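A.B. asks: Starting off with a structure, shown below.
Read-outs throughout are calculated quantities, based only on the coordinates presented, and are distinct from any laboratory measurement. Quantities reported herein were computed from a predicted structural model and do not represent experimental measurements. Heads up, the Cβs are rebuilt from the backbone with ideal geometry, glycines too, and the neighbour counts pull from every protein chain shown.
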Amino acid sequence: MSSIELRAVEKWFGDVQVIKGVDLSIEEGEFVIFVGPSGCGKSTLLRMIAGLEETSRGQIMVGDRDATAEPPSKRGLAMVFQSYALYPHMSVRDNVGFPLKSAGLPKPEIEAKVNEAGRILKLDSYMDRRPKDLSGGQRQRVAIGRSIVRDPTAFLFDEPLSNLDASLRVEMRYEIAKLHQTLKSTMIYVTHDQVEAMTLADRIVVLEFGKIAQVGTPRDLYENPANLFVAQFIGSPRMNVMPAAAVTNLDLPDAVVSLGVRPEHITLVEDGLGQVQGVVDVLEYLGADTFVIMACGEAGQITVRIDGDVEMKPGDTAGLAFRPEKLHGFDGSGQALALDG
């Protein structure tokens, strides 16, 4: 295990800068997830750490060693890709042990490491099968096993669950969380799925146009977003944002241009009460919860999370009351502001 530090790293493709001076320290044993929209640079940044992309400027430190110019094979890192890339003619056992065989390790050592990886990943009963006889989740576990046997300094995951269906993604999230608890290894993980980020990460790095928008624990980012971008990127459904001028019965600082509130922090009250008035547009029933999407005039479209047992219908009117301690204010540039009270 080891810490990883990025010092003012930049990546240029010709005249286009895609990573714009990123500084980041990842502690030994920490699980850090890079998230952001397509094109924000999260996979490029991961590949730079792995050595698969050249670092144009800055330093990448692995432990106390400057690894910026080192080839991937010298960095001691293991990469798990979106594609399983298994050898179809080999058994699970041979696929997992292939990196060790290529490195010329003795057979008894290979067998011991492969068996241990199989135990950790619950692949014991599949070791003699071929990849075509495995499910997508099992294939991804084999790919992870191939990394485990190398005993890497850190694991790098590049959207490893995106090829799986919804139920398998839930299963593999659990498996990866348990793997981190078992191995206590440093892990860096890239995903576009914020649910993966919120459920797996010790800390999340939110990237926007090649820069870090905010770094923090899942709770920090959800409860204290630093700006509008993070506020609306983290959380599903995303935070409601409306012009401060469209909200009544609130005493807001003059610098507040936009007001944000999450769907679960809004209560539907009698028509005429609350901070905003709305008309039910669409209902999304999810069982335990219902998302009520309301048209609220100048405040725009607002989503409210209510109990699934509450019955409403399109066309119903109601007032929307915001929990004052859960409101978020933003200035004209989208930066978060403290609200009085």
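A.B. asks: So for the pair K313, S38, with labels modelled 7 Å out along Cα→Cβ, what separation do we get in nm?
C.D. replies: About 4.0 nm separates the two model spin labels.
A.B. asks: Next up: For region 1-62, which GluC sites (Glu not before Pro) are both in a DSSP coil and crowded by at most 12 other Cβ atoms within 10 Å?
C.D. replies: Of the GluC sites (Glu not before Pro), the ones in loops of region 1-62 whose Cβ has at most 12 other Cβ atoms within 10 Å are E54.
A.B. asks: Here is a follow-up. So what's the net charge close to T290: Lys and Arg +1, Asp and Glu -1, counting the other residues with Cβ under 11 Å from its Cβ?
C.D. replies: Every neighbour counted, the sum reads -4.
A.B. asks: On to the next question. By the gyration tensor of its Cα atoms, with a ≥ b ≥ c the square roots of the eigenvalues, what is the shape of region 52-124: rounded for a/c under 1.5, prolate for a/b over b/c, or oblate?
C.D. replies: Prolate is the answer for region 52-124, as a/c is 1.5 or above and a/b outweighs b/c.
A.B. asks: Still on this structure: Taking +1 at the Cβ of each Lys and Arg and -1 at the Cβ of each Asp and Glu, which of G118, S43, F31 sits farthest along the dipole of region 1-125 towards its positive end, judged by Cα position relative to the Cα centre?
C.D. replies: Farthest along the dipole direction, towards plus: G118.
A.B. asks: Now for a separate question. Hey, any idea what Rg/Rh is for the chain, computing Rh the Kirkwood way over Cα pairs?
C.D. replies: Expressed as Rg/Rh, it is 1.06.
A.B. asks: Next up: 222 nm [θ] for the chain, helices only, -39500 (n - 2.57) per DSSP H run of 4+, per residue, to 500?
C.D. replies: For the chain, the value works out to -7500 deg cm²/dmol.
A.B. asks: Where the only charges are on Cβ atoms (+1 Lys, Arg; -1 Asp, Glu), what is the dipole of the chain about its Cα centre, to the nearest 20 debye?
C.D. replies: For this selection, approximately 1800 debye.
A.B. asks: Taking the radius of gyration and the Kirkwood hydrodynamic radius from Cα positions alone, what is the Rg/Rh ratio for region 239-341, to two decimal places?
C.D. replies: That ratio is 0.98, to two decimals.
A.B. asks: Follow-up question, since we're still on this one. Counting pairs of alpha carbon atoms under 8 Å apart in space and at least six apart in sequence, what relative contact order in percent does region 1-151 give?
C.D. replies: 20 percent
A.B. asks: Another question about this same structure. Consider a paramagnetic label point 7 Å from the Cα of W12 along Cα→Cβ; state which residues of region 43-62 have an amide N under 13 Å from it.
C.D. replies: Label zone hits: 55-58.
A.B. asks: For region 27-182, divide the Cα radius of gyration by the Kirkwood radius and give the resulting Rg/Rh value with two decimals.
C.D. replies: Using Cα coordinates only, the ratio equals 0.97.
A.B. asks: Further question: Tell me which residues come under 5 Å, amide H to amide H, from D289 once H is placed; ignore anything under 5 positions away on its chain.
C.D. replies: Under 5 Å from the amide H of D289: G308.
A.B. asks: Any idea how far apart D271 and E298 come out in nm if each label point goes 7 Å out from Cα toward Cβ?
C.D. replies: 2.1 nm
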